[in-house]
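Asker: First, the structure itself, so that you have it in front of you.
The values are calculated or read from the model by the stated rules, or taken from the named source; none is laboratory data. None of these values were measured; they are calculated from a predicted model. Counting neighbours? That spans all protein chains shown, and the Cβs are built from the backbone with ideal geometry, glycine included. When the accessible area is computed, the model is the full protein with side chains, heavy atoms only, and any ligands, DNA or RNA have been set aside. Shrake-Rupley method; radii C 1.70, N 1.55, O 1.52, S 1.80 Å.
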Amino acid sequence: DDWLGMAVDNALGNFIDQYLGIGWLCEPFDIDIKIALLKQPTFKEEARCSISDIVGNIEDFYNDFSVGGWGGWIKLTEGGNNVYSTYLIAMEEIQKIQTIEEKEQEAEIARGSGFFSPKDCVWYDGNNKPIDLVVESSGKRYTTGYDDVWGTASLPAKCAPSANILAEPFETDGLHKDGSSVVGPCYKKCISHTPGKQISDSVSKTVNRFWDTINAQIGAASAKAGPYSIYVEAILTALVNRAFKEGYGLLFAQNQSIPGEGDCGAACELPKIIDPTEIKQDVAAAKLLKPELSTIKVALDKLLKEQKDNLAVWNLIVKKYEDILLILDDMTKDHPLGCGETSYDPSYITWAKNKKIEVDDIISTIKNTNIKNLTDIIAKTVLQINNIDNIIIPAINAYIDAVDVWEKAYEDSGGTTNDDVEKALKALNDAKNIAILAVQNLFKAIMGTSTGTTFTELKAESYLVFDQIYVLIDQYYTERGTSAFPEPGTIWGDYETAVELEEDAQGRLDKCQTWGN
């Protein structure tokens, strides 16, 4: 990105210097055009609501022209100050980002002959401060950047917009390690290492070298066979094909028979290999997974709050409809409390009876569907939060402790295999399987699936889990809407519908009582 950006800037500068020099354009505005071309506004600047600089209360201006006057009206027509221009600006930015990313990925795949170039990426916030992605408060360990990124680096959780609806634009809930706030929008810088072309070439050489060697050996053997070369070549080729087909990876020396089915042959004499490096890599990945799980727990706490907020509004709606039932009951009573004996408008009593049936159905649906389902979901979220603290983290700690026991037994044995090492290794693997299964169950409960089978893979998958939780948080917030502006289709919109029905029913009851008097 930096290299291409520098190239584009140089090309732009050459164009302005040569073609837009002083005196070529119409004199009154030639300088203005050069300055405008040199400094392209960012999306943040372009979409900013600048009408607020002129009009103190925009809503009042919408209702009363005199609040902002012609200055406010003219400002309203500029980009970012009305729904149409803001939509077009946002769509233009989306298409620009999609095009850039698509072209970048296509070029990267083409350069690597189908292989991605792994990259190291660092995210920066709006103040150009690098964002630390992993934090352990007790150990005071921080890291910045994603290592070995393939494709597009995911947006760090700290860059997500604040869940607080009163937050300022680009304000987040994330903090840097020095305690300062992460300010959006965030951007990334990536450096490629081990180019994909090199990986592609290495794979091709590895595959081709094997077949080149086999073909050379077959050719050499057939050359010595003279007139029988065609038979030698056919026999050796068939032998190679048979070896691969049957799964025999070893060629046996003369006077040794090919092992039969269920016979391990010479492989039985091979010593069992234990790789301490692999175990140390596993335990390192397990330790890195722990803070990611803590971050997921924080996100689940926020999700739980959104779920409980929605449940609270549903309960308010049920209470409101129960109050409406009381009013409808009063309407069906005889005078003077209700409309039963009033003859001014007999349809009121029919309306009240029909509404009672309708309201009963609404209350039943909300209780048995909305509230019941959401209560079950809340219970599952609480269980997920508790499992992180009570099952998953302890399981990972147990695995880490088992690795320590194994390392001591391995060192005491001088690097050889004995009963103590085998026993410790079995306990280590059992603890590892329990911990991995516990993490997988959590991820499946949140995303519906989990593909990670190692601590390293689960750590990478944890970013997807975190993103999915925030997708759910946004869904619950959107589903609830706001009490200040209850929109149709939201839970607060349903509450507003109940309020309107209550006012209607109360008004009809008041009329009945007035007629009776």
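Asker: Read through the list (1) under 14 Å from the mean Cα position of the chain (by Cα); (2) without any contact (Cβ under 8 Å) to a residue 40 or more places away in the chain; (3) within 30 Å of residue 321 (Cβ to Cβ), then give the number of the only condition that residue 461 fails.
Answerer: Condition not satisfied by residue 461: (3).
Asker: May I pose another question? How many of the residues in segment 441-475 are open to solvent by less than 30 Å² (accessible area, probe 1.4 Å) and not acidic (Asp, Glu)?
Answerer: 12
Asker: Could I ask something else about it? When the residues of segment 398-412 are narrowed to those that are more than 22 Å from residue 438 (Cα to Cα) and of a type in the set (D, E, K, R), which ends up least open to solvent (accessible area, probe 1.4 Å)?
Answerer: Taking the candidates together, the pick is 407.
Asker: Can you confirm whether segment 424-440 contains a residue that is of a type in the set (D, E, K, R), over 30 Å from residue 163 (Cβ atoms), in a helix (DSSP H, G or I) and open to solvent by 50 Å² or more (accessible area, probe 1.4 Å)?
Answerer: Looking for residues that are of a type in the set (D, E, K, R), over 30 Å from residue 163 (Cβ atoms), in a helix (DSSP H, G or I) and open to solvent by 50 Å² or more (accessible area, probe 1.4 Å), one finds at least one in segment 424-440, hence yes.
Asker: Which pairs turn up if I take residues in segment 414-441 that are touching a residue at least 60 places away in the same chain (Cβ under 8 Å) and look for partners that are polar (S, T, N, Q) and not in a helix (DSSP H, G or I) with beta carbon separation below 9 Å, at least 6 apart in sequence or on another chain?
Answerer: Pairs found: 421/413; 425/417; 439/450.
Asker: What residue, among those in segment 493-511 that are in contact (Cβ under 8 Å) with a residue 12 or more places away in the chain and out of contact with any Leu (no Cβ under 9 Å at 6 or more places or on another chain), is least open to solvent (accessible area, probe 1.4 Å)?
Answerer: Looking at residues that are in contact (Cβ under 8 Å) with a residue 12 or more places away in the chain and out of contact with any Leu (no Cβ under 9 Å at 6 or more places or on another chain), I get 493.
Asker: Condition first: farther than 30 Å from residue 298 by Cα and within 32 Å of the chain's Cα centre (by Cα). Now tell me which residues in segment 353-367 satisfy that.
Answerer: Residues satisfying the conditions do not exist here.
Asker: Let me ask something else about it. Being within 30 Å of residue 160 (Cβ to Cβ), surrounded by fewer than 18 Cβ atoms within 10 Å (Cβ to Cβ) and hydroxyl-bearing (Ser, Thr, Tyr) is the requirement here; does residue 417 meet it?
Answerer: no
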